[in-house]
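Take a look at the structure below.
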Amino acid sequence: MTDPKVNDYLQQLHDPLHFELINYFHEKLTLDYGLRSKLRYAIPFYDKNHWIVYLNPVKKKGIELCFLKGREMFDTMHLLNFKERTMVAGLEFLEPKINFAFEDCMEEALRLDGEYKKKKVKI
């Protein structure tokens, strides 16, 4: 499910590279992985049970796919760039092409998202 504000955001991207990359990954995340999208902090966020990832345009350099629980992604941490951030880590893309790092990170992020759902405690 896509928030209409995300569609508006996608249509208003002026940089052709940002437009191509964000549209490509938006379709991957929503159609292939079944994530919901919502515009938060003026950029698209994707979730299933909790926030999983967001797409962040990088000035003149493509986009960064940022994993909100990057610090907990022990199996793929070596693939991620933390950029002095404590929790969030990302992968940068300069072209619309899926690679093993994207697939491995998405698999682990979705697994973690499922584990958080199971950890909810009723009081």
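The values are calculated or read from the model by the stated rules, or taken from the named source; none is laboratory data. A quick note: this is a predicted structure, and the numbers were derived from the prediction, not measured. As a convention, Cβ positions derive from the backbone with ideal geometry for all residues, glycine included, and neighbour counts pool all protein chains shown. Surface accessibility is based on the protein's heavy atoms, side chains included, excluding ligands, DNA and RNA. Shrake-Rupley method; radii C 1.70, N 1.55, O 1.52, S 1.80 Å.
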Requested in this report: Sort the following peptides by mean Cβ neighbour count (other Cβ atoms within 10 Å, averaged over residues), highest first: 29-37, 48-56, 11-19, 63-71.
Outcome: 63-71, 48-56, 29-37, 11-19
Report task. Let me know the number of lysine pairs in region 5-91 closer than 28 Å at the Cα, not counting same-chain pairs under 8 apart. Result -> 29
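For Arg71 and Asn99, compute 0.36 nm times the residue count separating them, minus their Cα-Cα distance, and round to one decimal in nm.
Answer, rounded to one decimal: 8.0 nm.
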Report task. Please identify which residues in region 33-62 have an amide N closer than 20 Å to a label point set 7 Å out from the Cα of Arg111, following the Cα→Cβ vector. Result -> 33-35, 47-54
Query raised in the report: Excluding ligands and nucleic acids, what accessible area in Å² is computed for Glu95 using a 1.4 Å probe, to the nearest 10?
Result: 100
Report summary line: Heavy-atom accessible area of Asp75, protein chains in place, probe 1.4 angstrom, given in Å² to nearest 10, is 110
Query raised in the report: When only Cα pairs under 8 Å and 6 or more residues apart are kept, what is the percent relative contact order across the chain?
Result: 20
Query raised in the report: Okay, helix-only estimate at 222 nm for the chain: each DSSP H run of n ≥ 4 adds -39500 (n - 2.57), divide by all residues, round to 500 deg cm²/dmol; what do you get?
Result: -10500 deg cm²/dmol
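Let me know the charge dipole size of the chain about its Cα centre in debye, to the nearest 20, where only the beta-carbon of Lys, Arg (+1) and Asp, Glu (-1) is charged.
That gives the chain a dipole magnitude of about 640 debye.
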Query raised in the report: What distance in nm separates the simple spin-label points at Glu20 and Lys59, each placed 7 Å from Cα in the Cβ direction?
Result: 2.2
Query raised in the report: Angle, helix 16-27 long axis vs. longest principal axis of the chain, Cα atoms, 0 to 90°, nearest 10?
Result: 40
